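*Asks:* My structure is below; once you've seen it, I'll send some questions.
The values are calculated or read from the model by the stated rules, or taken from the named source; none is laboratory data. Bear in mind that the values here come from a model prediction, so they are computed numbers and not experimental data. Here Cβ is always computed from backbone atoms with ideal geometry, including for glycine, and neighbour counts include all displayed protein chains. Accessible surface areas use protein heavy atoms only, side chains included; no ligands, DNA or RNA. Shrake-Rupley method; radii C 1.70, N 1.55, O 1.52, S 1.80 Å.
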Amino acid sequence: GCARVATGNDGDGGRLLEQLRATGTVRLGLAGEQPYGYIGKDGRMTGSAPAVARRIFKELGVPDVQPFPTEFGSLIAGLNSLQFDVVAAGMYINPTRCEQVVFADPEYQMLDAFIVARGNPKELRTYRDIAESGARMATGIGYAQIEYAREAGVGKVTTLPDQLAGLLAVEQGRIDVFVGTAVTARNVVRETESTRAEVIDEVTPHVDGKPVVSAGGFAFRTPETTLRDAFNRELRKLKKSGELLEIMRPFGFTADQMTDLTAEEKCRS
Amino acid sequence: MPADTANAYTDTDAGGRAQGRATVGTGTTADELIRFDRVTKRFGSNTVLDSLDFRVFPKKHVTLIGPSGSGKTTILRLLMTLLKPDEGTITVDGTPLSHEERNGKLVPAGEKHVREVRKNMGMVFQQFNLFPHMSVLRNITEAPVQVLGMSRDEAAERALELLDMVGLKDRSDTYPGRLSGGQQQRVAIARALAMRPKVLLLDEVTSALDPELVAGVLDLLRDIARTTDITMLCVTHEMSFARDISDCVMMFDEGKVIEFGHPEKMFGDPEQERTREFLSAVL
Amino acid sequence: MPADTANAYTDTDAGGRAQGRATVGTGTTADELIRFDRVTKRFGSNTVLDSLDFRVFPKKHVTLIGPSGSGKTTILRLLMTLLKPDEGTITVDGTPLSHEERNGKLVPAGEKHVREVRKNMGMVFQQFNLFPHMSVLRNITEAPVQVLGMSRDEAAERALELLDMVGLKDRSDTYPGRLSGGQQQRVAIARALAMRPKVLLLDEVTSALDPELVAGVLDLLRDIARTTDITMLCVTHEMSFARDISDCVMMFDEGKVIEFGHPEKMFGDPEQERTREFLSAVL
Amino acid sequence: MSEITPGLWEILLDGVWITLQLTFLSAALAAAVAFVTGLARLNRLRIVRFAAGVYFEVFRGTSALILMFWLFFVLPLGLGWQLEPMWAAVLALGLSYGAYGSEVVRGAVAAVPRGQHEAGVALNLPPGQRLWRIVLPQAWPEMIPPFNNLLIELLKGTALVSVMGVSDLAFGAALVRNATGQSAPVYTVILLVYFVIAFAMTRGMRVLERRARAGAGEGPPRRAALSPRRLFAPRRRAAAAAAASSGGERR
Amino acid sequence: MNWDWSAVDAFLPRLADGLLVTAQALALSALLAFGLGLVWAVAQRSGPALVRGPVAVFTEFIRNTPLLVQLFFLYYVLPEWGLTLSAMVTGVVGLGLHYSTYTAEVYRAGIEGVPRGQWEAATALSLSRGRTWGVVILPQAIRRVAPALGNYVIAMLKDTPMLFVVGVMEMLGEARQFSSETFLTVEAVTVVGIAFILLSCPASFLMRTLERRLAR
Ligand SMILES: Nc1ncnc2c1ncn2[C@@H]1O[C@H](COP(=O)(O)OP(=O)(O)OP(=O)(O)O)[C@@H](O)[C@H]1O
Ligand SMILES: Nc1ncnc2c1ncn2[C@@H]1O[C@H](COP(=O)(O)OP(=O)(O)OP(=O)(O)O)[C@@H](O)[C@H]1O
Ligand SMILES: [Mg+2]
Ligand SMILES: [Mg+2]
């Protein structure tokens, strides 16, 4: 079909879940970012978020998941313009984003990490270091890290399509530091067996002077609270049984990164 | 000789100084085939035809002569509705070209009306204007099929007759690009005749031809003039041809008919100085 | 009259049937300015010049005549190195055009060598070929400055002298597009002379001009022929001009010199039937 | 190229298929738009000409990428309905390349000699028939070479949809690059693939042109010699000359 | 449609930044396209056979493959081969190189339009090859093709948004950044779209006037 009519906000929690059950397929918006959602070496969709989504949507009676890879910066716009049904990219939950979409409860929490040249010549360990040394920093389009950097007083932030571009830019000296989530940064450096770059782990961002622990989750269009609530119920079951960690562990997640934070809390902070 | 006595001049022709209206042939107003009433045509500030009046009765053959730019082509193009007059009325077979009656009022002619009156006219151009992407046969049959609603077979049969007449029966499957100029012009004449027009408009049909090809085309036109009832309006510089076929020669200058009459008279002993000058230059 | 006795024919001219070598002027081989040795030029299968031999001594004025396509322009273009001969050697002022000696061996001429021998020649074209984007003055000074290494001032001074000579001193700042054909051609002549060539090649320099402009250009060339030492090779259809300035007229046909001699003789009483025919057609 | 596993090759192949579909569908839309707009720009009525002219100017003035962004992200938010990404892409490409194509149609139709129109009138053919049977068959062969250039531009333009997340060839390349962590193999491969597609399309258009000219009563065009520069786009010279002389921008 | 004028206000300063970058990128890549195109054209007209073939193949290749992919290639592949260009340089080189293959055709048409007699006159005056090109042929060729070149500058302008894919913060890049921070996509993208129409319509109108003037 060519044109679809939007479900629109009819104030009753949306009917997307019914529709998904009817078609049996849900489309996941991915950002091509490891480990959250990406295309693997075998050419198939993989990542923690699709894995979790597959499990939960099965429980919800939607057997099929279809990847819709796009750029991180286009995820929310793509979701709202109905190109896919769910953002499954481990997106950090923050107040600005909460104005645009509704989040399920986070499935993980995480600190940030820096990819820097081997030996960390500029000695960058915190956002403040970047601001003070005037190092050239890059991150992804639409990443939450842009805001964290601004908070710390970093003047200019370059944006690159993904973490691989970031790693290359560091290796090639185009930038001094690429900022991403801890697992992402660690994975990309490990996977490419980079000899020219290394990862500074566990960088804590600050907002309003207070340290922030970021937490990421699935996002839905604002009216679709029924679907979100159903999703949350299943997610909580997985958390309680510990199955969530089992699903996410192959992608580099650890018990530390499991969380009981709720979307509501993260939307407020 | 004043124009108002023109009708009496000879049996078939009017002639003389054209202060009033030039009239070719005799009959009542109802019989007139072509009638220009105070027709004025301007291009920008250039007045090409200036309140022109003339009439032609059926079956007459009229030759228009005059210096370059005097408006001969313009007259034919007005008749063919390729141009619209700025003032005045042109009537063909009793029907005005540029107006029609609707609910008792005269309104500017619609496409349908114009196409209806256009059926009376056929035109042959200096540059032939055959359709290069159609075979000779198709060039001739296309309009009868599309406009007159003939069947393809019927149209083809008639086209072959016409091709036979113009001496090109064996070239019916050829494309125009393969024909000589003279052959192309003969096809163009056949194409115009296929629509069975009442009036045939011929605009210097031989002047784009190599000299050795002119005779063939003129002979064909002589034949047509002799053997058919068709009315002809013909612009030509071939004076001997004009003398052969014309019932009347009209001399144009500066947007007016300055003299008209039987070819013997016009070529032999024209009254106007301007006509004499012009003829001595071209003869 | 066999060609090998040609040198004795008159003081300045050779003439007669050109079975052997046409020679214009007298002197030793070392003095020869232009020399064609068995030069053959073909375009595809069309042999335009067929083992052509001729010599011209300095300060002579030679006119080439012959029917269209006989190869007159080709000869000038070969001399100007706009074309290369297929066989044979062309020598100008003792230097072969298409070969040079390097380390005692004859090798095909390089760009530098060709440019060196080209300096001997100036050419004026039928279509003027002035540079439209340069002023008249710049047209004339460009080559002396770039090629001869003159200073701009010196070149300009000399250019103004030349413009004075051709009667266009006051138009030095004009662009060629603003000049009449005759004026353009006079500028082209000045431009060629500015390089102080030994030989001036003129290829139908008046045939692109309106008739009333021809005389001015020919008068200028007559002046140049009379007052300078320059050698001229001239293709023209202006027979009276050829008669005035030429020391020798060469008649070409089918790639050969079929006759040559003093203009009085050539125009008055040519020996070859072909020449007579040609001259009766053009005179 | 060993880094590209069969699964990844499959992604690229799917991408080629999407690219071909996109090219074909948007070319069809563009052709329709080009004919409608191009003929409208020659219409008798001033208002029709003006409207078509405005369309032409606006779409020629916009950047194809921005138009796509707009159709993808703005139109749905504003209107509350959403096109499938594929169809939004076809719409964006078809509308903008159709605008360029209208210039080709207009030029070719205007170049049919006046005498042909007049002969049509003299034979009393109705306006539609004059256009359809007389004018267009003669204009059509003239349109093919510039249409070929446009088609190549359109093929190249399809790569823009990858920015919108449509999984065409260029998007497939980004996925493969991300999966393998290596850029050189995959980008070299897909540049070659684009080139091969462009080459095949050019050859196809040449055949079409030869047919059209034969159908228009002309002899077949002279066979181009097999030099590398002619091998590709033998009629480009004419196109460049046209670009140099007429209002032709690149597409 | 909920249109937010305050969003337009907030975006305008960013648009101005983007416009500056667009202008820089356009100016530099246009210069590159003009220069390189001339090199291709001259090389194909009078270079040695050994140069002509490869130049022909190379320009055909560039011309028949997408600029977007070429940008990725320059940005991601060249560094693997040891040549690292900044985003801006990548954009300028990519855009300039791509369009040089178009301007080459324009120059070629222009050069072929210079009458043969001009070459011959230059030869007859013993002007060197370089001088013949530089003083006689090219000035005439370029004069006739100036409007066509201008049209390509407009086409290049409309392709500058592609540079944002390698991180050049031109107008569309600014709009993307702005909307990913504020989610005011409608306003930002619409404003950029209008900006492009406002830039390129008068420009192409100007070019057409120039063309008509030169054609006379
Ligand atoms: N479409 C037009 N636009 C402007 N002026 C025109 C047009 N058609 C004809 N004219 C002008 O009208 C005048 C008469 O033209 P017309 O073609 O009728 O002359 P003619 O008598 O047929 O001349 P010729 O013997 O040269 O064919 C001329 O001055 C011509 O320049
Ligand atoms: N570049 C060329 N390619 C092919 N054939 C050529 C070329 N130049 C000249 N020719 C042919 O060479 C022959 C001689 O030409 P040339 O121009 O020397 O004759 P010409 O004596 O100057 O004639 P004209 O009096 O017409 O100028 C002609 O048949 C011409 O067609
Ligand atoms: Mg006329
Ligand atoms: Mg000649």
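*Asks:* Select from the range C:38-97 the residues that are touching a residue at least 40 places away in the same chain (Cβ under 8 Å), more than 22 Å from C:S246 (Cα to Cα) and within 16 Å of ligand 4 (Cβ to nearest atom) and list them in ascending order.
*Replies:* C:K41, C:V48, C:L49, C:L83
*Asks:* Hey, another quick one. If you check C:V249, C:V257, C:V199, which single one turns out to be within 14 Å of chain E (Cβ to nearest Cβ), away from ligand 1 (no atom under 16 Å from the Cβ) and either in contact with a Ser or Thr (Cβ under 9 Å, 6 or more places away or on another chain) or not aromatic (F, W, Y) (or both)?
*Replies:* Every option except C:V199 fails the conditions.
*Asks:* Which numbered condition trips up D:I134, out of (1) out of contact with any Gly (no Cβ under 7 Å at 6 or more places or on another chain); (2) more than 14 Å from chain A (Cβ to nearest Cβ)?
*Replies:* (1)
*Asks:* Okay, moving on. Taking the range A:87-145 on its own, how many of its residues are without any contact (Cβ under 8 Å) to a residue 60 or more places away in the chain and acidic (D, E)?
*Replies:* Residues that pass the stated criteria total 4.
*Asks:* Just to be sure, is B:V107 more than 9 Å from every other protein chain (Cβ to nearest Cβ), part of a strand (DSSP E or B) and either charged (D, E, K, R) or more than 22 Å from the chain's Cα centre (by Cα) (or both)?
*Replies:* yes
*Asks:* Return the residues of the range A:38-65 that are within 11 Å of another protein chain (Cβ to nearest Cβ) and in a strand (DSSP E or B); say none if nothing qualifies.
*Replies:* Listed by number, the residues that qualify are A:Y38, A:I39, A:M45, A:T46.
*Asks:* Restricting to the range C:73-87, and then to whatever is more than 8 Å from ligand 2 (Cβ to nearest atom) and among the charged types (D, E, K, R), can you tell me which residue is farthest from the other protein chains (Cβ to nearest Cβ)?
*Replies:* Out of the qualifying residues, it is C:E87.
*Asks:* Continuing with this model, one more query. Any residue at all in the range A:163-176 that's assigned to a loop (DSSP other than H, G, I, E, B), touching a Lys or Arg at 6+ places or on another chain (Cβ under 7 Å) and charged (D, E, K, R)?
*Replies:* yes
*Asks:* Which count do you get for residues in the range A:94-118 that are open to solvent by 60 Å² or more (accessible area, probe 1.4 Å) and modelled with pLDDT of 90 or more?
*Replies:* The total comes to 1.
*Asks:* Moving on. Give me the pairs: first residue in the range E:43-54 and over 16 Å from E:Y107 (Cα atoms), second residue surrounded by 12 or more Cβ atoms within 10 Å (Cβ to Cβ) and of a type outside the set (A, V, I, L, M), beta-carbon distance under 7 Å, and six or more apart or on different chains, which are they?
*Replies:* E:G53/D:P228
*Asks:* Further question on the same structure: Among the residues of the range B:48-64, what is the count of those that are within 9 Å of ligand 1 (Cβ to nearest atom) and either within 20 Å of B:F267 (Cβ to Cβ) or open to solvent by 20 Å² or more (accessible area, probe 1.4 Å) (or both)?
*Replies:* Selection size over the range B:48-64: 1.
*Asks:* Within the range C:176-192, is there a residue that is within 16 Å of ligand 2 (Cβ to nearest atom), farther than 27 Å from C:K119 by Cβ and more than 14 Å from chain E (Cβ to nearest Cβ)?
*Replies:* No, because not a single residue in the range C:176-192 is within 16 Å of ligand 2 (Cβ to nearest atom), farther than 27 Å from C:K119 by Cβ and more than 14 Å from chain E (Cβ to nearest Cβ).
*Asks:* What single numbered condition from (1) within 16 Å of the chain's Cα centre (by Cα); (2) closer than 23 Å to D:G115 by Cα fails to hold for B:S135?
*Replies:* (1)
*Asks:* Tally time: how many residues in the range B:33-47 are open to solvent by less than 70 Å² (accessible area, probe 1.4 Å), among the polar types (S, T, N, Q) and over 13 Å from B:G69 (Cβ atoms)?
*Replies:* 1
*Asks:* Moving to a separate point now. Taking the range D:181-207, which residues are within 14 Å of chain A (Cβ to nearest Cβ), in a helix (DSSP H, G or I) and touching a helix residue (DSSP H, G or I) at 6+ places or on another chain (Cβ under 7 Å)?
*Replies:* D:A184, D:V186, D:Y187 - these are the residues of the range D:181-207 that are within 14 Å of chain A (Cβ to nearest Cβ), in a helix (DSSP H, G or I) and touching a helix residue (DSSP H, G or I) at 6+ places or on another chain (Cβ under 7 Å).
*Asks:* Being open to solvent by 10 Å² or more (accessible area, probe 1.4 Å), more than 14 Å from chain A (Cβ to nearest Cβ), among the small types (G, A, S) and not in a helix (DSSP H, G or I), is that true of even one residue in the range E:122-138?
*Replies:* Yes, some residue in the range E:122-138 is open to solvent by 10 Å² or more (accessible area, probe 1.4 Å), more than 14 Å from chain A (Cβ to nearest Cβ), among the small types (G, A, S) and not in a helix (DSSP H, G or I).
*Asks:* Going by the conditions given, is B:L163 away from ligand 4 (no atom under 16 Å from the Cβ) and either outside any helix (DSSP H, G or I) or under 17 Å from B:T63 (Cβ atoms) (or both)?
*Replies:* Considered against the rule, which asks whether it is away from ligand 4 (no atom under 16 Å from the Cβ) and either outside any helix (DSSP H, G or I) or under 17 Å from B:T63 (Cβ atoms) (or both), B:L163 comes out as no.
*Asks:* Let me ask something else about it. Return a yes/no flag: does the range B:225-234 have any residue that is away from ligand 4 (no atom under 16 Å from the Cβ), within 30 Å of B:D37 (Cβ to Cβ) and within 14 Å of chain D (Cβ to nearest Cβ).
*Replies:* Among the residues of the range B:225-234, at least one is away from ligand 4 (no atom under 16 Å from the Cβ), within 30 Å of B:D37 (Cβ to Cβ) and within 14 Å of chain D (Cβ to nearest Cβ), which makes the answer yes.
*Asks:* So A:E147 ticks every box in (1) at pLDDT 90 or above; (2) outside any loop (DSSP other than H, G, I, E, B) but one. Which box is left unticked?
*Replies:* (1)
*Asks:* In addition: Across the range E:108-121, what is the total count of residues that are outside any helix (DSSP H, G or I) and either touching a residue at least 24 places away in the same chain (Cβ under 8 Å) or open to solvent by less than 30 Å² (accessible area, probe 1.4 Å) (or both)?
*Replies:* Final tally of qualifying residues: 1.
Residues checked against (1) assigned to a loop (DSSP other than H, G, I, E, B); (2) more than 8 Å from chain D (Cβ to nearest Cβ); (3) open to solvent by 40 Å² or more (accessible area, probe 1.4 Å); (4) among the charged types (D, E, K, R):
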residue: E:R45; (1), (2), (3), (4): no, yes, yes, yes
residue: E:A56; (1), (2), (3), (4): no, no, no, no
residue: E:V69; (1), (2), (3), (4): no, no, no, no
residue: E:L78; (1), (2), (3), (4): no, yes, no, no
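*Asks:* For the range B:167-190, state whether one or more residues are open to solvent by 20 Å² or more (accessible area, probe 1.4 Å), among the polar types (S, T, N, Q) and assigned to a helix (DSSP H, G or I).
*Replies:* Yes, because at least one residue in the range B:167-190 is open to solvent by 20 Å² or more (accessible area, probe 1.4 Å), among the polar types (S, T, N, Q) and assigned to a helix (DSSP H, G or I).
*Asks:* A follow-up question, please. Residues of the range A:158-179 being closer than 12 Å to A:R136 by Cα and facing another protein chain (nearest Cβ under 9 Å), which ones?
*Replies:* Selection gives A:T158, A:T159, A:A169, A:G173, A:R174.
*Asks:* Moving to a separate point now. Looking at C:G177, C:G167, C:G182, which is the one that is within 22 Å of the chain's Cα centre (by Cα), away from ligand 3 (no atom under 16 Å from the Cβ) and of a type in the set (G, A, S)?
*Replies:* Result: C:G182 is the single residue among C:G177, C:G167, C:G182 that is within 22 Å of the chain's Cα centre (by Cα), away from ligand 3 (no atom under 16 Å from the Cβ) and of a type in the set (G, A, S).
*Asks:* How many of the residues making up the range B:55-72 are under 22 Å from B:L221 (Cβ atoms) and more than 16 Å from ligand 3 (Cβ to nearest atom)?
*Replies:* 6
This table checks each residue for (1) of a type outside the set (D, E, K, R); (2) open to solvent by less than 40 Å² (accessible area, probe 1.4 Å); (3) modelled with pLDDT under 80.
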site	(1), (2), (3)
D:P145	yes, yes, no
D:N149	yes, no, no
D:M205	yes, yes, no
D:G219	yes, yes, yes
D:R251	no, yes, yes
